[in-house]
1. Kindly provide the set of residues from region 283-325 that are aliphatic (A, V, I, L, M), open to solvent by 100 Å² or more (accessible area, probe 1.4 Å) and within 45 Å of the chain's Cα centre (by Cα), ordered by number.
2. Among the residues of region 378-391, write down those that are within 16 Å of TYR366 (Cα to Cα) and in a strand (DSSP E or B).
3. Among the candidates ILE22, ILE38, single out the residue that is in contact (Cβ under 8 Å) with a residue 60 or more places away in the chain, of a type in the set (A, V, I, L, M) and in a strand (DSSP E or B).
4. Which condition number in (1) closer than 19 Å to ALA186 by Cβ; (2) modelled with pLDDT under 90; (3) not basic (Lys, Arg) is the one that GLY278 fails?
5. Quick one: VAL181 ticks every box in (1) assigned to a helix (DSSP H, G or I); (2) open to solvent by less than 50 Å² (accessible area, probe 1.4 Å) bar one, so which box is it?
6. Going by what's in this entry, would THR146 be described as touching a strand residue (DSSP E or B) at 6+ places or on another chain (Cβ under 6 Å) and surrounded by fewer than 18 Cβ atoms within 10 Å (Cβ to Cβ)?
7. Quick check on region 378-401. Is at least one of its residues within 30 Å of VAL301 (Cβ to Cβ), surrounded by 10 or more Cβ atoms within 10 Å (Cβ to Cβ) and of a type outside the set (Val, Ile, Thr)?
8. Considering only region 41-74, how many residues are touching a Pro at 6+ places or on another chain (Cβ under 6 Å) and either open to solvent by 80 Å² or more (accessible area, probe 1.4 Å) or touching a residue at least 40 places away in the same chain (Cβ under 8 Å) (or both)?
Amino acid sequence: MTPEQGNTAENPWPVRTLSFKIADWIHRLGQVWVEGQITQLSLRRGTRTAFLTLRDPAADISISVTCDPGLLQRSPVPLTEGARVVVYGRPNFYTGRGTLSLRITDIRPVGIGELLARIERVRALLAAEGLFDARRKRPLPFLPHTIGLITGRASAAQRDVIAVATARWDAVRFEVRDSPVQGPTAVPAIVEHLAALDAAPHVQVIVIARGGGSVEDLLPFSDETLLRAVSACRTPVVSAIGHEPDSPLLDLVADVRAATPTDAAKRVVPDVSAELRGIAELRRRSAHALRNWVHREERVVEGLRARPVLANPLRMVDDRQDRVDGAVRDIRRSVRHLVTVEEHRTERLASQLSTLGPAQTLARGYAVVQRTDSDQPHAVRSVDDLPAGAAVRIRVADGSAAAVISPTTKESRQ
């Protein structure tokens, strides 16, 4: 049974056993090459061991390193805190303290060419992920009332940004965050300030500013951790690093790239005086255009009013009055003629009606005999309709009389 199989709650390892096993696994790594950034360096006269801390710039991870002091003193380039180096050594686990360190036998400063090559690799990686895409860029607010500013304490970049922005609009406010802008502590501090300003609801834009410097000095602004933090911000970020020729990768990730801190202030804060002059000019041009439009419309109206049909609207009626009067006379004459013709026709028909009417027949001595004793009185047309004893009414021209048919008065039809 192996020791691992025998390790149970009833049979635990002593601390020393665990430490020895960890040390054994670490010692199996052998000699390794490691790249990092020096964050702490302790080199005292008379000591046999130099101590330094090697940090990973892309992560908050560091390891203790020990070496012979002569190794540092023989370096062709003076090694200081913040320098990038490649070391060769063996990792050691000290069982007594339970700590890990790296004992190195070779140390090499990273040259400018190597730094630029590493920056180019980071550039290619982030470009492939789309972090430089213009569609990710957020527009700056037109007139931000509060600006977040991350820069060195009492630096010229800070003074330039605040002075220029205040001169352009004296009501602008700043949330200033002092931070190291070079060296091993720059990236963690900037990332922390960036997160705090991005979370503040009243901060509408964030400016990261620093003056010019060497490639090593500007290296934190090409750090992958900082670039990803800027890309994740919800607040627009302006990069104002160095001078015009300087181009850290932050310029590509930020929403706006400013050539200098002064240029950043001009981009973020509009010149209120110039804007007011522009508004006044626009108002003047608008008023001039409106006056010209009114004048044009007035000329159009005057031209319409000058036309004969509008200058004397009744002229057309007056010109046609005679024709209207003649037409009225013709109509009246035609109506009178028609009425006369119809009157003559009516008189003729009335005369004919009088001649053929019953009254005229009665006036000539005729009479109308109506039988009145039946259910429906009716005119008698035949002697057969006059039996003896039938009651009749005899109507003549000037009246009527009742009579009864007697047998002696009835005469048969010849």
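The values are calculated or read from the model by the stated rules, or taken from the named source; none is laboratory data. Keep in mind that what you see is a predicted model, and the values were worked out from it rather than measured. Cβ: placed from backbone, ideal geometry, glycine included. Neighbour counts: every protein chain shown. Calculation scope for accessible area: heavy atoms of the full protein, side chains included, ligands and nucleic acids excluded. Shrake-Rupley method; radii C 1.70, N 1.55, O 1.52, S 1.80 Å.
1. Passing the criteria: only LEU290.
2. ALA379
3. ILE38
4. In the conditions (1) closer than 19 Å to ALA186 by Cβ; (2) modelled with pLDDT under 90; (3) not basic (Lys, Arg), GLY278 misses (1) alone.
5. Every condition holds for VAL181 apart from (1).
6. Answer is yes for this residue.
7. No: region 378-401 contains no residue that is within 30 Å of VAL301 (Cβ to Cβ), surrounded by 10 or more Cβ atoms within 10 Å (Cβ to Cβ) and of a type outside the set (Val, Ile, Thr).
8. 1
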